[in-house]
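Data first, discussion second: the structure below is written as structure tokens.
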Amino acid sequence: MTTPTPSPPMYVVNIHYLALRDGPSVSAPQIATLNFHDEVELLETSGGWGRVRDVRRNIVGWSSMRYLATGSD
């Protein structure tokens with residue numbers, strides 16, 4: 001019997017516009033913009049940045065963790 005892989009934790013954007021970047025840095029190119037209450041899956045973290053997948057558009061990029069809130073609140 002195989003154990004199901006837990007799904008990534010869900011977060012929501014808690015500011016009106018959040019840049020989704022190509023890497024964990026403000027100097028990394030912006031690839032998309034997340035909007036208030038967009039849902040994302042947290043895939044990994046690095047130095048205050050999170051690599052997230054935008055659930056609605058299926059885009060993966062990096063955003064600052066300070067603007068993401070856990071989806072359970």
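The values are calculated or read from the model by the stated rules, or taken from the named source; none is laboratory data. A quick note: this is a predicted structure, and the numbers were derived from the prediction, not measured. Every residue, glycine as well, gets a Cβ built from its backbone with ideal geometry; the counts of neighbours run over all protein chains shown. Heads up: the accessible areas ignore ligands, DNA and RNA and are worked out on the full protein's heavy atoms, side chains in. Shrake-Rupley method; radii C 1.70, N 1.55, O 1.52, S 1.80 Å.
Residue-wise test of (1) under 19 Å from S7 (Cβ atoms); (2) of a type outside the set (S, T, Y); (3) in contact with a Phe, Trp or Tyr (Cβ under 6 Å, 6 or more places away or on another chain).
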{"residue": "S25", "(1), (2), (3)": "no, no, no"}
{"residue": "N35", "(1), (2), (3)": "no, yes, no"}
{"residue": "G47", "(1), (2), (3)": "no, yes, no"}
{"residue": "G50", "(1), (2), (3)": "yes, yes, no"}
{"residue": "R66", "(1), (2), (3)": "no, yes, no"}
query = Restricting the search to segment 33-73, which residues are closer than 10 Å to L20 by Cβ, assigned to a loop (DSSP other than H, G, I, E, B) and open to solvent by 50 Å² or more (accessible area, probe 1.4 Å)?
reply = R57
request  = Enumerate the pairs (first residue in segment 29-47 and without any contact (Cβ under 8 Å) to a residue 24 or more places away in the chain and over 15 Å from M65 (Cβ atoms); second residue anywhere and among the acidic types (D, E) and open to solvent by 50 Å² or more (accessible area, probe 1.4 Å)) with beta-carbon separation below 8 Å, excluding pairs fewer than 6 apart on the same chain, so at least 6 apart or on different chains.
outcome  = P29/D22; Q30/D22
remark   = Residue pairs within 7 Å by beta carbon, gap of at least six or interchain, first lying in segment 1-17 and free of Cβ contacts under 8 Å to residues at least 24 places away in the same chain, second not small (G, A, S), listed first then second, are H16/N35; H16/F36; Y17/T33; Y17/N35
